[in-house]
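Since the structure comes first, as structure tokens, the remarks are kept for the end.
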Amino acid sequence: MTRGEGPAARHGPRAPSRAEDPAARRESRVLVLSAPSGAGKSSLARALAEADPRVALCVSHTTRSPRPGEVDGVHYHFVGRREFEAMVAAGEFLEHARVFDRYYGTSRAALRAGLARGRDVVLDIDWQGARLVREACPEAVSVFILPPSIEALRSRLVGRGQDSAQAIERRMRDARADIGHCDEFDHIVVNDDFDRTLADLRAILRGRRAMTPAGALVATLQSNPIRK
């Protein structure tokens, strides 16, 4: 989703003033990452947050079951369908969508909290969610991540060992449809080398920093209605 501390006073460390706080001097951004399933956006989003303490990943909610190795609250907030629907009814999501018969959503509160701490916040969402976020938060920077080829995408999906042959074919059909929306995004990056792609994303984020105050983003998030 900078730490700073003023000089120690006589009776202990003095809390930094807003003028001294590095987080207060920089302005936060929302970075939206989208990609077809298997293109590597979730791994890139986590790596982007791990590589820079000024960046936080906004963990989405989902009704799907955890995959092997996934941790609740780290990879996703795993919730039941009734709980998810209750959150929708309460207006707690900035965006939410149905993907592969499961539901995914981005919590307004989590996004606001990251921005309020002076961090850039990364959203790992599909193109449908990205479209809604851009409508609600036009200042967000959006990036569509492409695989080097359709064949490479299929190889990645097969190599994950998480889906049946039938599910992989469905993901491939949906991937072609997803790629058709890539021209809606501010940037398109081909993930043919993970480290180079990560460097590209960091450069995009650095290039768009310090343009819109976090306060303006928070105000936008609070004033825009939830949309399906």
- [ ] Residue by residue through the stretch 106-121, note down the ones that are in a strand (DSSP E or B) and farther than 17 Å from GLY73 by Cα.
- [x] ASP120
Open item on the list: Considering only residues that are acidic (Asp, Glu) and either over 17 Å from PHE100 (Cβ atoms) or surrounded by 18 or more Cβ atoms within 10 Å (Cβ to Cβ) (or both), which ones fall in the stretch 169-187?
Closed with: ASP178, ASP183, GLU184, ASP186
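For the subset of the stretch 50-87 comprising residues that are among the hydrophobic types (A, V, I, L, M, F, W, C) and surrounded by fewer than 16 Cβ atoms within 10 Å (Cβ to Cβ), which member is farthest from TYR104 (Cα to Cα)?
Checking each candidate, the answer is ALA51.
Determine, yes or no, whether PHE84 is of a type in the set (Phe, Trp, Tyr) and not in a helix (DSSP H, G or I).
When the stated conditions are applied, PHE84 does not pass them.
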Open item on the list: Testing HIS77 on (1) under 29 Å from ILE204 (Cα atoms); (2) assigned to a helix (DSSP H, G or I), one condition comes back false. Which one is that?
Closed with: (2)
Open item on the list: So, in the stretch 4-35, exactly how many residues are in contact with a strand residue (DSSP E or B) (Cβ under 8 Å, 6 or more places away or on another chain) and either modelled with pLDDT of 50 or more or hydrophobic (A, V, I, L, M, F, W, C) (or both)?
Closed with: 8
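Would it be correct to say that LEU198 is in a helix (DSSP H, G or I), surrounded by 14 or more Cβ atoms within 10 Å (Cβ to Cβ) and at pLDDT 95 or above?
Yes.
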Task: Selection count, the stretch 122-153, where residues are acidic (Asp, Glu) and not in a helix (DSSP H, G or I) - done: 3
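The values are calculated or read from the model by the stated rules, or taken from the named source; none is laboratory data. Keep in mind that this is a model prediction, so the values were computed, not measured. Every residue, glycine as well, gets a Cβ built from its backbone with ideal geometry; the counts of neighbours run over all protein chains shown.
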